[in-house]
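Undergrad: Handing you a structure now.
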Amino acid sequence: MAELLTLPGVARKTANVVLANAFGIHHGVTVDTHVKRLSHRLGLTEHTDPLRVERDLMPLLPQMDWENWSIRLIYHGRSVCDARQPACQRCVLSDLCPNNQDVQRPRS
Ligand code: SF4
């Protein structure tokens with residue numbers, strides 16, 4: 001990680017992808033815009049800064065699944081949980097998601 005971060009244009013997101021896919025090293029969770037948005041929507045972090053989101057996610061997930069988690073959230077963000085119009089009615093996470101738009105939540 002430290003060596004990759006010395007390369008021009010390489011930050012933690014790219015370094016995590018390279019380490020996991022090229023070397024099988026799970027050093028951290030790749031946080032792109034989808035991972036950040038969905039982790040927030042799923043109530044797994046309150047942060048928006050990618051590094052703080054990554055730090056929140058790491059203890060929640062088995063280390064071997066850190067890269068798979070990111071890939072799955074990216075696909076989910078592209079196909080179901082759109083930034084502007086999430087398709088909550090067909091979302092497999094709808095029972096777990098605190099931001100399910102189809103649920104009428106009681107007012108407190
Ligand atoms: S229930 Fe809705 S807001 Fe929650 S993850 Fe699914 S699509 Fe996104």
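The values are calculated or read from the model by the stated rules, or taken from the named source; none is laboratory data. This is a predicted model, so every value here is computed, not measured. A quick note on method: Cβ atoms are made from the backbone with ideal geometry, for glycine too, and the neighbour counts reach across all protein chains shown.
Undergrad: Just to verify a result, which residue in the stretch 6-47, among those that are among the polar types (S, T, N, Q) and within 16 Å of the ligand (Cβ to nearest atom), is surrounded by the most Cβ atoms within 10 Å (Cβ to Cβ)?
TA: Among them, the one singled out is SER39.
Undergrad: A follow-up question, please. Read through the list (1) farther than 21 Å from HIS76 by Cα; (2) under 11 Å from the mean Cα position of the chain (by Cα); (3) of a type outside the set (A, V, I, L, M, F, W, C), then give the number of the only condition that THR6 fails.
TA: (2)
Undergrad: In the stretch 57-70, what residues are surrounded by fewer than 17 Cβ atoms within 10 Å (Cβ to Cβ) and in a helix (DSSP H, G or I)?
TA: Matches in the stretch 57-70: MET58, PRO59, LEU60, GLN63, MET64, ASP65, ASN68.
Undergrad: Which one of these does GLU54 not meet: (1) away from the ligand (no atom under 11 Å from the Cβ); (2) without any contact (Cβ under 8 Å) to a residue 40 or more places away in the chain; (3) not small (Gly, Ala, Ser)?
TA: Evaluating GLU54 over (1) away from the ligand (no atom under 11 Å from the Cβ); (2) without any contact (Cβ under 8 Å) to a residue 40 or more places away in the chain; (3) not small (Gly, Ala, Ser) leaves (2) as the failure.
Undergrad: Quickly run through the stretch 57-70 and pick out the residues that are within 16 Å of the ligand (Cβ to nearest atom) and under 10 Å from the mean Cα position of the chain (by Cα).
TA: Within the stretch 57-70, LEU57, TRP69, SER70 meet the criteria.
Undergrad: Run GLN101 past the list (1) polar (S, T, N, Q); (2) within 13 Å of the ligand (Cβ to nearest atom); (3) at pLDDT 95 or above and report the number of the one that doesn't hold.
TA: Evaluating GLN101 over (1) polar (S, T, N, Q); (2) within 13 Å of the ligand (Cβ to nearest atom); (3) at pLDDT 95 or above leaves (3) as the failure.
Undergrad: So, one more: Taking the stretch 86-95 as the search range and keeping residues that are part of a loop (DSSP other than H, G, I, E, B) and within 8 Å of the ligand (Cβ to nearest atom), which one is surrounded by the fewest Cβ atoms within 10 Å (Cβ to Cβ)?
TA: Filtering the stretch 86-95 for residues that are part of a loop (DSSP other than H, G, I, E, B) and within 8 Å of the ligand (Cβ to nearest atom), the one surrounded by the fewest Cβ atoms within 10 Å (Cβ to Cβ) comes out as VAL92.
Undergrad: Quick one: is HIS26 in contact with a Phe, Trp or Tyr (Cβ under 7 Å, 6 or more places away or on another chain) and in a loop (DSSP other than H, G, I, E, B)?
TA: Criteria met by HIS26.
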